[in-house]
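Coordinate-derived values only; no laboratory data. In this text, all values refer to a predicted model and were calculated from it rather than measured experimentally. All Cβ positions, glycine included, derive from the backbone under ideal geometry; neighbour counts span all protein chains shown.
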């Protein structure tokens, strides 16, 4: 990257949010900025400047990225997280929240100096060798107050 490109990207860091949004619209063919986060916009604009100057990913690389997402992305991958029949044996399928990692994953959080470890199970969650239906129930047991489980565990 030439010094002019680098200096242009570094100058963007000092711009106001409204200036970044305007720059984003210029570089992305009039599309409105997707966020009001300055760091996010700065990074998107910096990438776009380099993409315009040096070219983007080749179609071969883009296809490889999509292939890897399909194969290894645990959040969105249906093969790693198949729908399973409900516990009562009916043909009804469980719907797992997309924010949850695949079963077997251990969520770790430190709360007031205590290390919490929650294991994701297919039908629920395991904390201190006890099974819970929701992360909220675990958060309530730990804190003594009502918490959104996803928020408490940063999912």
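Key figures
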read-out	value
Residue list for the stretch 103-139, restricted to those being in a loop (DSSP other than H, G, I, E, B) and without any contact (Cβ under 8 Å) to a residue 12 or more places away in the chain	112, 113, 124, 128, 129, 133
Selection within the stretch 24-58 - surrounded by 13 or more Cβ atoms within 10 Å (Cβ to Cβ), within 24 Å of the chain's Cα centre (by Cα) and in a helix (DSSP H, G or I)	24, 38, 40, 41, 42, 43, 44, 45, 46, 47, 48
Near pairs, Cβ below 6 angstrom, 6+ apart or cross-chain, from the stretch 24-39 (closer than 16 Å to residue 12 by Cα) to any residue that is outside any helix (DSSP H, G or I)	24/33
Residue satisfying all of: in the stretch 1-23; touching a residue at least 24 places away in the same chain (Cβ under 8 Å) and assigned to a helix (DSSP H, G or I); nearest to residue 55 (Cα to Cα) among these	5
Total residues in the stretch 118-137, condition in contact with a strand residue (DSSP E or B) (Cβ under 9 Å, 6 or more places away or on another chain) and within 18 Å of residue 151 (Cβ to Cβ)	9
